[in-house]
Amino acid sequence: MNDFLPHDVDCWQYLEHTAARVFALYGYREIRVPVVEKTDLFARSIGLATDIVEKEMYSFQDRNGDSLSLRPEGTAGVVRAALEQGMLHNAVHRLWYTGPMFRHERPQKGRYRQFHQIGLEAFGMAEAELDAEIIVLTATLWKELGIQDVNLQLNSLGTPESRGQYRDALVAFYEQHRASLDEDSLRRLETNPMRILDSKDKTVSQLNKEAPSILDHLDKESAEHLDRVQELLQSLDVDYHLNAGLVRGLDYYTRTVFEWTTDQLGAQSAICGGGRYDGLVETLGGKPTPAVGFGIGMERLIELMRLQSCCGEPEQPDVYIVQTGMDAASAAMQLADQLRGKGFRTLCNVGSTGFKSQLKRADRSGAAMAVILGEDEVRNNSATIKELSTGEQLSVSEDNLVEELRRRLQDLE
């Protein structure tokens, strides 16, 4: 679990602000839910046979003996909140969230035990148009962030019934090749055989090329749904690769699933994943409600943003106030307050350091302008503006200071 220092947080804030702006363009509103939920919520939603529930959750008993867990993902908590607050009764909702998640897994590059997600969930719309819209939204986000060279992987998991038939076909196939399965795949063969398709073992990965394709086992409605999603993506000029081996790690997905991947982050290639989960609301006690969502791994995306120089520039101060003398110190604090009230990002020197030392501080602060107040300036109701990049200085009256600062800062843009 990591600390994030101010120079790190600049990039995080740039991502968060950009995502919030893009989500708002598509009509999504933020929801905030607890980081601790009842363990049963995740067991029912994610699936008992998933690695997350079996091996990775941070679970504990509270003083009342209830089993609680730190949330390992965001969707289940959002669905629980929407149900408890009566939001899903004959209603359409577009929601987004962000925050820390927790999984006890082997730390590696871009993957930590406390990690952060930003994602969205849309309820009440069963049409393929929503699936396509959410995928286009993610493509818009990459464009706004300046991210390049990411690839969209697309698949369908069908309905629970058609997936059950596919599961039987997979089990029959892998039983014929048990000698080629590693220990983890043999365990999954008994609990969740579709997850074998996600194996990183080289022998198993090679075997998976011969495995039955889920696309050959889709029910008619799911196949038509997938065709419509592809048609819409093509009409919107969104490139994708149809990947029958894409299964996702959570049991609640139905029909459309997708991932955005990159080859620039090593083995951890996915930066965003999601899909449709039409049965989850009912599983958690609500009425049947169609839904689609996705989650973005923020650490991995930020790593990619840094590699591609997409973090934006941190905001620097506009003005650094340099002051000499007791009267000037009081006047400098008043002036700083006035400038902040006018929208200038302003730092005011604190302490009795010398004039040259203060100018060095002003340079190091990144401010564009220094405003100098000494005893003479206070006496004459004036100030000296110094453009720190050129050294040019100008004395102005207090009445003209704001206008002159604004003009000079605009000239530097």
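Just need log10 I(q)/I(0) for the chain at q = 0.08, 0.12 Å⁻¹, Debye formula, equal scatterers on the alpha-carbon atoms, no solvent, rounded to two decimals.
Calculated log10 I(q)/I(0) at the listed q: -0.58, -0.96.
Which shape class applies to segment 319-412: rounded if a/c is under 1.5, otherwise prolate when a/b exceeds b/c and oblate if not, where a ≥ b ≥ c are the square roots of the Cα gyration tensor eigenvalues?
Verdict is rounded for segment 319-412.
Over the Cα atoms of segment 138-241, how large are the radius of gyration and the largest Cα-Cα distance (Dmax), in Å?
Rg then Dmax for segment 138-241, in Å: 16.8, 49.
For segment 80-173, run through the trypsin sites (Lys or Arg not before Pro) and keep only the ones in DSSP coil with at most 14 other Cβ atoms within 10 Å of their Cβ.
Sites meeting the loop and neighbour criteria: Lys109.
Comparing Ala329, Ala91, Ala139, which has the greatest mean-square fluctuation in the GNM of the chain with Cα pairs linked when under 10 Å apart?
Fluctuation is largest for Ala329.
Sequence-distant or interchain residues sharing an amide H contact under 5 Å with Thr254, placed H: which?
Arg276, Tyr277, Asp278
Work from the charge dipole of the chain (Cβ charges, +1 for Lys and Arg, -1 for Asp and Glu, about the Cα centre) and give the residue of Val204, Gln410, Thr289 farthest towards its positive end.
My answer, from the dipole projection, is Val204.
By the 4.7 Å beta carbon criterion, which cysteine residues of the chain come out unpaired?
Cys272, Cys310, Cys348
Based on DSSP, what percent of beta bridges with both residues in segment 240-387 are antiparallel, to the nearest 5?
Antiparallel: roughly 65 percent of the beta bridges in segment 240-387.
Testing the spin-label approximation: label points 7 Å from Cα along Cα→Cβ at Met333 and Gln410. State their distance in nm.
3.3
Tell me, Thr203, Thr390, Thr18, Thr346 in order of fewest to most beta-carbon neighbours within 10 Å?
Thr390, Thr203, Thr18, Thr346
Considering only DSSP beta bridges where both residues belong to segment 319-412, give the percentage that are antiparallel (nearest 5).
55
Per the Cauchy relation, a quarter of the hull surface: what is the mean projected area of the convex hull of the alpha carbons in segment 188-268, in nm²?
6.7
No value in this document is a laboratory result; all are computed from the given coordinates. None of these values were measured; they are calculated from a predicted model. Cβ: placed from backbone, ideal geometry, glycine included. Neighbour counts: every protein chain shown.
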